[in-house]
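Below you'll find the structure, written out as structure tokens, and then a few comments.
The values are calculated or read from the model by the stated rules, or taken from the named source; none is laboratory data. Given the structure is predicted, the values throughout are model-derived calculations rather than measurements. Glycine gets a Cβ as well: all are built from the backbone with ideal geometry, and neighbour counts include every protein chain shown.
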Amino acid sequence: MGVVSSIGWEGYDRLFHEINTKHKPLEDAERNLLEDRFQELLGYSDGARWGEAGGFGNETEVVVALSQPPPHPMFANLVDGLRRSLALRIFRKNKGARTLVFQKQRMELGRPVNGEDALHFQRVLAAGECHERGYILHEWIGGPTLEWCHRHRWSQTPLSGVEAQSLVRDLVQGVVVTAWREASTTSGVLWDLRDANFVVEPAGDTHRLVLVDTGNLRHLLLERDNREGQIQAALKRLKAVILRILGSQGAWEGQPRSWKRLFAESWDSSLLAEGLIDFANQVGDEQAVVDAFARLQNAMEEQGLFRPDSAALD
Ligand SMILES: Nc1ncnc2c1ncn2[C@@H]1O[C@H](COP(=O)(O)OP(=O)(O)O)[C@@H](O)[C@H]1O
Ligand SMILES: [Mg+2]
């Protein structure tokens with residue numbers, strides 16, 4: 001065991017208290033092993049603190065934010081055209097094999113959505129295996145997850161209406177439409193839309209919603225018998241994520257009491273779901289989705305579902 005830890009584990013340990021999870025934190029011995037092995041692979045020098053451990057997932061043991069790009073010559077071309085800092089994702093033992101294959105492919109093809117302009121998607125830059133664990137080098141999105149924000153940020157200070165609007169726009173147009181554009185009429189779609197899979201990235205004086213669980217984009221490249229089911233699941237989850245964003249605006253004077261029902265009505269009358277289904281089946285074009293989304297935004301505004309700037313904090 002090294003005297004100095006080369007990865008900081010404080011943020012990682014804190015997360016186990018801050019979010020609901022069935023997962024257990026890594027044992028010390030395993031932490032040290034991972035530090036040693038990945039230090040060697042990435043070429044960091046002894047005694048240097050090169051990463052901060054952050055989130056984890058069902059497949060992911062840990063995502064480590066890297067303080068600087070890996071010095072090892074194997075990763076020399078990684079820094080070309082870099083738009084964000086980097087992270088190392090280490091998969092759990094015997095997990096993530098399918099995701100690893102997909103992310104390698106995504107990196108080589110540059111799709112689905114792995115280009116420099118796809119700002120709402122965590123970009124993958126390298127993928128491999130190290131001592132029986134899969135790993136990926138991808139962008140680090142510097143912010144907490146949407147799940148964390150709901151629980152710890154917006155429960156203290158309600159989300160503003162302007163921010164809620166922009167997060168909903170990012171979700172629908174930035175993420176769903178952008179990803180579904182790459183679907184074929186027989187492929188699956190991006191469907192696993194949930195709070196833990198998005199990071200709220202600071203962007204100027206506002207925020208950008210970024211999909212970090214990009215393994216789910218694999219369905220876009222594969223023939224899927226259950227594509228109808230995936231589309232329905234996506235719509236159901238999309239609606240739920242939007243509803244929670246609206247709910248994070250807290251309560252204010254003049255807020256309609258039945259805002260949940262009013263949202264459901266706005267959603268139905270906008271025909272956004274129908275537009276997205278047609279878009280996925282390539283019988284309706286993207287403009288129709290954009291128009292439907294504008295109808296949803298207008299309806300939500302008219303129903304008073306966004307917190308006004310002037311609303312006092314409770
Ligand atoms: N690119 C990233 N930038 C910042 N944090 C990330 C990034 N990718 C993942 N995370 C963190 O790791 C957690 C698990 O990532 P996720 O992609 O959902 O893993 P899994 O596929 O195992 O569910 C996220 O909830 C988030 O806290
Ligand atoms: Mg996940």
- [ ] Starting from segment 41-62, keep only residues that are free of Cβ contacts under 8 Å to residues at least 24 places away in the same chain, then list their pairs with residues that are more than 8 Å from ligand 1 (Cβ to nearest atom) whose Cβ atoms are within a distance under 7 Å, requiring at least 6 positions of separation or different chains.
- [x] none
Open item on the list: Looking at segment 17-38, I want the residues that are under 21 Å from GLN68 (Cβ atoms) and have a partner that is in a loop (DSSP other than H, G, I, E, B) and among the aliphatic types (A, V, I, L, M) with Cβ atoms under 8 Å, at least 6 apart or on another chain. Which pairs are those?
Closed with: LEU34/LEU26
Open item on the list: Any residue that is under 24 Å from LEU171 (Cα atoms) and free of Cβ contacts under 8 Å to residues at least 12 places away in the same chain - is there at least one of those in segment 115-136?
Closed with: yes
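Listed here are the residues, each with its yes/no results for (1) within 16 Å of ligand 2 (Cβ to nearest atom); (2) buried (at least 19 other Cβ atoms within 10 Å of the Cβ); (3) assigned by TED's automatic domain parsing to the domain that holds GLU129.
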residue	(1), (2), (3)
GLU61	yes, yes, yes
ALA65	no, yes, yes
MET74	no, no, yes
VAL79	no, no, yes
ARG84	no, no, yes
LEU88	no, yes, yes
ASN94	no, no, yes
VAL101	no, no, yes
